[in-house]
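Quick note: the coordinates plus some simple rules give every number you see, no bench work behind them. Quick caveat: nothing in here was measured; it's all calculated off a predicted structure. When we count neighbours, we look across all protein chains shown, and the Cβ atoms used for this are built from the backbone with ideal geometry, even at glycine.
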Amino acid sequence: MRALYELPAPAKVNLFLHIVGRRADGYHLLQSAFVLIDWADVLHLERRDDGRFRRQDLGPALPADDLCLRAARALQQASGTPLGADIHLDKRVPWGAGLGGGSSDAATTLLGLNRLWGLHWSRQRLLELALRLGADVPFFVGGRNAFVEGIGERITPIELPRTWLAVVKPEASLGTAEIFGAEDLERNTPAVILADFLAGTQLSDSAGPGFGRNDLQPVAVSRCADVAKAAKWLDSRYGNSRMSGSGSAVFARAGTGDRPRATWAAEELPPHWVGRMCRSLASHPLRDWAD
């Protein structure tokens, strides 16, 4: 196999995100529900026989050493393959948004190269490698909507009704390390059990933010006025809003029917904001590639 084209790397939103503690090594313990959405980056992989890697950005320019390249090198080293790859990345999901775009790109890279190189690694082997790359990467390799705990390594697949989610990202971006490192971040939210979430979540046409909250949102709002503006903008249209991950993107539940309750025209978005009416996914489009 010489190449794989049009490989999707879907984004996610955190339906809630609670910080329930902190380990001695500084890693935060969290509980969250991750849901895949149909806003996705697209990757094209071409095999190289010289063992080298080259990334070409088809959209916005990315840092020279991104998670895609780190994932590719990690899989090459762990598998012992002499092969490399050209990675063409069409970046469509905004970065610095809390939508997991970089982690999803890394997961699609692992899934794609596993097939392109003929490694035939199991999902479990890929998950072990994914955890070393970042807390969100195992979720995307797992490929199912999930209740996530620990530092991201405890993943319980869950079934959720498909829903519309209005997602907007204001001009400002936020750094994950800055938000998690903030002294005023609350880190002692009482832990819940999966049954609490399943009983309390309301992915429906009714208004309201749904189960729990995002513990990172007050910190983000205190440092970035755009987050509060985005939340207010969505709340005025849908009656609910919540920041995803460490921000700055904010989403609102917009119904579960064939069409969203309401939408907007592009010109309604404030200048330099990006947004999309998204549909949740039942599973990752490449879910079957590791089994």
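See the values below:
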| item | result |
| --- | --- |
| Distance (nanometres) between label positions extended 7 Å along Cα→Cβ at Asp38 and Thr156 | 3.0 |
| Degrees between helix 67-79 axis and first principal axis of the chain (Cα, 0 to 90, nearest 10) | 40 |
| Charge dipole (region 3-158, unit charges on Cβ, about Cα centre) - positive-most of Leu129, Leu15, Ile87 | Leu129 |
| Projected area averaged over orientations for region 30-177, convex hull of C-alpha atoms, nm² | 9.2 |
| Gained length - Arg259 relative to Asp235, 0.36 nm times residue gap less alpha-carbon distance | 6.8 nm |
| For region 164-279: relative contact order, % (alpha-carbon pairs under 8 angstrom, 6 or more apart) | 44 |
| Ser79 paired with Leu58, simple spin-label distance in nm, labels 7 Å along Cα-to-beta-carbon | 2.1 |
| Order of Ser173, Ser280 - criterion: other Cβ atoms within 10 Å of each residue's Cβ, fewest first | Ser173, Ser280 |
| MRE, 222 nm, helices only [DSSP H, n ≥ 4, -39500 (n - 2.57), over the chain, to nearest 500] | -7500 deg cm²/dmol |
| C-alpha long axis of helix 101-116 to longest principal axis of the chain, angle in ° | 30 |
| Most mobile of Ala107, Ala231, Ala24 in a GNM of the chain (Cα contacts under 10 Å) | Ala24 |
| More than 18 angstrom apart: percent of Cα pairs within region 108-201 | 64 |
